[in-house]
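Note sheet for the following structure.
The values are calculated or read from the model by the stated rules, or taken from the named source; none is laboratory data. Treat the numbers as computed from the prediction; the structure is a model and nothing was measured. Ideal geometry is used to build each Cβ from the backbone, glycine not excepted, and the neighbour counts take in all protein chains shown.
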């Protein structure tokens, strides 16, 4: 379902928007099972926490086909067309992972997904389990994608007192959150005994000045149109 003009305005103004509706429950269950399979079998590349437990599986676009199907799903791409236009790529070298948020007592710093405005992307988080304040809901500081470039985002976030301005965005299982890559955000603490599993993908418009194919970018909608000057 495309974003309404009001939802598009909210993204432009606040730096994030919840996509309307939820993914089909069976698809969510199948995605969760595919993530768990690779965790159980420790399929590399993975990231482990200080206890040695796997908390992230990386490069999901080259794992089970269901992950690439998710990246091209109309539920995600139809709304993104209002933000990125008709020609959309998903990135291999930004995000492209599933995260399992376990019970922890360690705060993560506020950060941005890219460092400067000339290379923004839309970060898409697909929630495979309900995300609540108790189990680590995403925390966002609305409007901070409009702040200028800073050399050290963690230091800048502290100096500007951004922690005091966070909004906790709760999401249902199957819900999808789209965020501007420059908005300051982090993930909350999981204070439960359960998990909070999600998939994160990065999208941007197909680069009209890119003269050739790039293995780090997969075209998932439309076409690549070259509009550069040839000398």
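Give me a count of the residues in the stretch 113-136 that are assigned to a loop (DSSP other than H, G, I, E, B) and crowded, with 23+ Cβ neighbours inside 10 Å. Step through it out loud before you land on a result.
Pass one, the stretch 113-136, residues assigned to a loop (DSSP other than H, G, I, E, B): 113-121, 128-130, 132-134, 136.
So of that shortlist, the ones also crowded, with 23+ Cβ neighbours inside 10 Å come out as 128, 136.
Residues that pass the stated criteria total 2.
Here are some residues: 38, 69, 51, 30. Which one is buried (at least 17 other Cβ atoms within 10 Å of the Cβ) and outside any strand (DSSP E or B)? Give the steps one after another, and end with the answer.
Working: 69 fails: buried (at least 17 other Cβ atoms within 10 Å of the Cβ); 51 fails: buried (at least 17 other Cβ atoms within 10 Å of the Cβ); 30 fails: buried (at least 17 other Cβ atoms within 10 Å of the Cβ).
So the residue among 38, 69, 51, 30 that is buried (at least 17 other Cβ atoms within 10 Å of the Cβ) and outside any strand (DSSP E or B) is 38.
Any idea which of 201, 177, 182 is buried (at least 21 other Cβ atoms within 10 Å of the Cβ), part of a loop (DSSP other than H, G, I, E, B), under 15 Å from the mean Cα position of the chain (by Cα) and modelled with pLDDT of 90 or more?
Numbers: 201 fails: part of a loop (DSSP other than H, G, I, E, B); 177 fails: part of a loop (DSSP other than H, G, I, E, B).
182 is the lone residue from the list that is buried (at least 21 other Cβ atoms within 10 Å of the Cβ), part of a loop (DSSP other than H, G, I, E, B), under 15 Å from the mean Cα position of the chain (by Cα) and modelled with pLDDT of 90 or more.
From the list 168, 163, exactly one residue is modelled with pLDDT under 95 and not in a loop (DSSP other than H, G, I, E, B). Which is it?
On the way: 168 fails: modelled with pLDDT under 95.
Of 168, 163, the one residue that is modelled with pLDDT under 95 and not in a loop (DSSP other than H, G, I, E, B) is 163.
Based on this model, can you work out whether residue 165 counts as free of Cβ contacts under 8 Å to residues at least 24 places away in the same chain and either touching a strand residue (DSSP E or B) at 6+ places or on another chain (Cβ under 6 Å) or within 27 Å of residue 191 (Cα to Cα) (or both)?
The answer is no for residue 165.
Given 20, 109, which one is without any contact (Cβ under 8 Å) to a residue 60 or more places away in the chain, within 17 Å of the chain's Cα centre (by Cα), surrounded by fewer than 18 Cβ atoms within 10 Å (Cβ to Cβ) and over 30 Å from residue 210 (Cα atoms)?
It is 20.
Please work out which residue is surrounded by the fewest Cβ atoms within 10 Å (Cβ to Cβ), limiting yourself to the stretch 86-106 and to residues that are modelled with pLDDT of 95 or more and over 16 Å from the mean Cα position of the chain (by Cα).
86
How many residues are over 20 Å from residue 178 (Cα atoms) and in contact (Cβ under 8 Å) with a residue 60 or more places away in the chain if we restrict to the stretch 62-86?
0
Assess whether residue 151 counts as being in contact with a helix residue (DSSP H, G or I) (Cβ under 8 Å, 6 or more places away or on another chain) and surrounded by fewer than 21 Cβ atoms within 10 Å (Cβ to Cβ).
Numbers: in contact with a helix residue (DSSP H, G or I) (Cβ under 8 Å, 6 or more places away or on another chain): no; surrounded by fewer than 21 Cβ atoms within 10 Å (Cβ to Cβ): yes.
So residue 151 does not fit the description; no.
Can you pull out the residues in the stretch 48-61 that are in contact (Cβ under 8 Å) with a residue 24 or more places away in the chain and farther than 26 Å from residue 1 by Cα? Spell out how you get there, then give the answer.
Quick first cut of the stretch 48-61, residues in contact (Cβ under 8 Å) with a residue 24 or more places away in the chain only: 49, 53-61.
49, 53, 54, 55, 56, 57, 58, 59, listed by residue number.
Has the stretch 109-123 got at least one residue that is touching a strand residue (DSSP E or B) at 6+ places or on another chain (Cβ under 7 Å) and within 19 Å of residue 20 (Cα to Cα)? It would help to see each step written out before you state the result.
First, pick out the residues of the stretch 109-123 that are touching a strand residue (DSSP E or B) at 6+ places or on another chain (Cβ under 7 Å): 109-111, 113, 120-123.
Now narrow it down to the ones that are within 19 Å of residue 20 (Cα to Cα): 122-123.
Yes, because at least one residue in the stretch 109-123 is touching a strand residue (DSSP E or B) at 6+ places or on another chain (Cβ under 7 Å) and within 19 Å of residue 20 (Cα to Cα).
Is it the case, given these coordinates, that residue 81 is part of a helix (DSSP H, G or I) and in contact with a strand residue (DSSP E or B) (Cβ under 9 Å, 6 or more places away or on another chain)?
Working: part of a helix (DSSP H, G or I): yes; in contact with a strand residue (DSSP E or B) (Cβ under 9 Å, 6 or more places away or on another chain): yes.
Here the answer is yes, as residue 81 does meet what is asked.
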